[in-house]
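Asker: This is the structure, below, for whatever I ask next.
The values are calculated or read from the model by the stated rules, or taken from the named source; none is laboratory data. It should be emphasised that the depicted structure is a prediction, and the values quoted were computed from it without experimental measurement. In this analysis, Cβ positions are derived from the backbone assuming ideal geometry, glycine residues included, and neighbour counts consider all displayed protein chains. Ligands, DNA and RNA are excluded from the accessible area calculation, which covers all protein heavy atoms including side chains. Shrake-Rupley method; radii C 1.70, N 1.55, O 1.52, S 1.80 Å.
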Amino acid sequence: MLYLWFAGNMLYGAYAAADGLYFGLVIQPQLFAFFTLLNILQVYWYAHNWGMAKTSVACVVLCAVYAGLHVGFWQADLRAIADHHDAAVTFLGVLPAIFIAVGFFPEFYVCVKEQSVEMSNFFIMLDILGGVFSTISLAFDHTFDY
């Protein structure tokens, strides 16, 4: 779940930056990926009893992979936009949404399995933050439709 969110936000961040979307929509996936990275590292720290050195190395590796792929997909998006490959641009815009959506399915499964009507606080926080950043991005839209 967390790796799907991490990858999806890396792809969406590259797409948003290449497509020239508004600041709020460009920064939102970067923040979401950062918080997802913190959660990934917490899983290794607490569930797998990794030490500080091993967790730090994992952090550096994941950040390097994120940065490298982010720049690569950003350049691919820019190239597809410049060459007017609309199908490729659409694919690179839809793929992250699929990754992020599929990443939420385990949370729903846990709620059904435990017969719980409550969502986890983490899940609700992510949903609220997404809504907040999307709403804030409207303020940067110079063609705001009232």
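Asker: Can you grab the distance from the C-alpha centre of the range 46-66 to the C-alpha centre of the range 78-102, Å, no decimals?
Answerer: If we compute the Cα centre of each part, the gap is 30 Å.
Asker: Can you compute the helix-only [θ] at 222 nm over the chain? Use -39500 (n - 2.57) per DSSP H run of at least 4 residues, normalise by all residues, nearest 500 deg cm²/dmol. Let's see the in-between values first.
Answerer: On the way: 5 runs with 115 residues, N = 146.
Taken over the chain, the calculation gives -27500 deg cm²/dmol.
Asker: Still on this structure: Averaged over every viewing direction, what's the projected area of the C-alpha convex hull for the chain? Give it in nm², one decimal, please.
Answerer: For the chain, averaging the hull's shadow over all directions gives 10.7 nm².
Asker: Arrange the residues 63, 111 by how much accessible surface each exposes, largest first, with a 1.4 angstrom probe.
Answerer: On the way: 63 60, 111 15 Å².
Ranking 63, 111 by accessible area, largest first, yields 63, 111.
Asker: Measure nothing fancy, just the Cα-based angle from helix 86-113's long axis to the longest principal axis of the chain, in degrees from 0 to 90, nearest 10.
Answerer: Taking the Cα atoms of the chain, the angle to 86-113 is about 20 degrees.
Asker: Can you compute the modelled spin-label distance between residue 90 and residue 60, with each label point 7 Å from Cα toward Cβ, in nm?
Answerer: About 4.4 nm separates the two model spin labels.
Asker: Quick one: accessible surface of residue 62, probe radius 1.4 Å, all protein chains present, in square angstrom to the nearest 10.
Answerer: For residue 62, the solvent-accessible surface is approximately 30 Å².
Asker: In degrees between 0 and 90, to the nearest 10, how far off the longest principal axis of the chain does helix 121-139 point, with axes built from Cα atoms?
Answerer: 20
Asker: Moving on to the next point. Measure nothing but the geometry: give the 0 to 90° angle between the long axis through the Cα atoms of 23-42 and the longest principal axis through the Cα atoms of the chain, rounded to 10°.
Answerer: The two axes meet at around 20 degrees.
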